[in-house]
């Protein structure tokens, strides 16, 4: 037998207690280098742990439900050369084994790129088999003397139900919270006797969701939501009810920009330069001019950021994710184009690490490749603004003496009205349109 080698969890951005939700291989399977072994689910995304080398899986060290951190042992693999692995794996490729934990369901319908927020607090979710992301504690709740007193198993149980333990009083000795305390709290929530916590938007006291037997009216098909949609849906709800959204609409004349972009594409055929990279550079210029847009609320303080990390909404078959391009102010169009293509590919292949989805200052969601004239993007908390981009359209524009055809790009800026006034938002989009209309402004 060839040498057995360890496959361990790689760098996952410092995350701990990340649950295993799928086993992608079984003992005896032949795997190629970088083939997924298990799937992990953090608060913001799912990711696969790749095989570090080719070989035969001889022992799996994890099971569904285990929680891991960087360096955790995943499997013992008998290392063999790639040629042998391909030969062994060939028969399997014709009929791949289903993931151990995945139910047989209809494939998820690809979601259009909608603007989302990818943060952490969620409303309570008590559906059987549905996993909710952890409920975020307030800053005071993270202080050592204020962390709820509960065992790790109770914390996991509460997290799966979307319950904030800070709202509970423990019934056991010393105020320790038990599993029964969590169950009783959920029963009160269902009965309307307690308000759930979802950031600043908890306690809305809404009517219960209507329960309808749709099969009475005709044929139906059940299609489970993907894990990403479950997580992002809770975040979307939290952000929508917690942040006073206002959307400013504007247009940018990108006629010259588009001509310049096509010329660059003819000169540099190795890298595809998309309109999105011009938007990234223009947004950075606008953030420098209007720093309150490059900020986050922290209680009564506004945290002004001196770095420029831009989140880009990426449409994947399982739902929307928002990876972050870092230090965009110091990178050129070609470098940003290469990074954008690479990170978008990793997003669609479920290979994004948690660190690649953290630290964003401002997000952009582009529907330009699909259509539409305007939309209202939802702010990606804890950011205070987000830019939506729709499909450009050639329009007759008055130039002072005649109407001339110009390529106009619709812009939709949603902003947190607690931080940004309407006049500031109008100035931001007007300046953004000026920069996109005359790229020389990026040089000043």
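So the values come out like this:
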{"read-out": "Neighbours by Cβ (under 8 Å, 6+ apart or cross-chain): first from region 175-190, farther than 12 Å from residue 153 by Cα; second in a helix (DSSP H, G or I) and at pLDDT below 80", "value": "186/161"}
{"read-out": "Residues that are in a helix (DSSP H, G or I) and either farther than 11 Å from residue 150 by Cβ or not assigned by TED's automatic domain parsing to the domain that holds residue 148 (or both), drawn from region 161-173", "value": "161, 167, 173"}
{"read-out": "Matching residues in region 326-348 - criterion: being free of Cβ contacts under 8 Å to residues at least 12 places away in the same chain and within 30 Å of residue 69 (Cα to Cα)", "value": "342, 345"}
{"read-out": "Within region 291-374, strands (runs of 3 or more DSSP E) holding 1 or more residues that are in the same structural domain as residue 413 (by TED's automatic domain parsing) and surrounded by fewer than 16 Cβ atoms within 10 Å (Cβ to Cβ)", "value": "295-298, 301-304"}
{"read-out": "Breaking point among (1) closer than 25 Å to residue 321 by Cα; (2) assigned to a loop (DSSP other than H, G, I, E, B); (3) modelled with pLDDT of 90 or more, for residue 27", "value": "(1)"}
{"read-out": "Set 158, 215: member being buried (at least 19 other Cβ atoms within 10 Å of the Cβ), modelled with pLDDT of 75 or more, not in a loop (DSSP other than H, G, I, E, B) and not assigned by TED's automatic domain parsing to the domain that holds residue 39", "value": "158"}
{"read-out": "Counted residues, region 51-66 - those being at pLDDT 90 or above and either part of a strand (DSSP E or B) or on the phi > 0 side of the Ramachandran plot (or both)", "value": "6"}
{"read-out": "Residue that is modelled with the lowest pLDDT, among those in region 191-212 that are over 20 Å from residue 242 (Cβ atoms) and over 29 Å from the mean Cα position of the chain (by Cα)", "value": "193"}
{"read-out": "Complete set of residues in region 1-15 that are part of a loop (DSSP other than H, G, I, E, B) and in contact with a strand residue (DSSP E or B) (Cβ under 8 Å, 6 or more places away or on another chain)", "value": "1, 2, 3, 9, 10, 12"}
{"read-out": "Complete set of residues in region 175-186 that are surrounded by fewer than 12 Cβ atoms within 10 Å (Cβ to Cβ) and either under 32 Å from the mean Cα position of the chain (by Cα) or at pLDDT below 70 (or both)", "value": "none"}
{"read-out": "Residue within region 408-417 that is closer than 26 Å to residue 236 by Cα, in a loop (DSSP other than H, G, I, E, B) and touching a strand residue (DSSP E or B) at 6+ places or on another chain (Cβ under 8 Å) present", "value": "yes"}
{"read-out": "Exclusive hit being over 18 Å from the mean Cα position of the chain (by Cα) and under 30 Å from residue 36 (Cβ atoms), set 337, 366, 344", "value": "337"}
{"read-out": "Region 237-258, residues that are under 15 Å from the mean Cα position of the chain (by Cα) and buried (at least 20 other Cβ atoms within 10 Å of the Cβ)", "value": "238, 239"}
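The values are calculated or read from the model by the stated rules, or taken from the named source; none is laboratory data. These numbers were taken from a predicted model, which means no experiment stands behind them. Quick reminder, even Gly has a Cβ in these numbers, built from the backbone with ideal geometry, and neighbours come from all protein chains shown.
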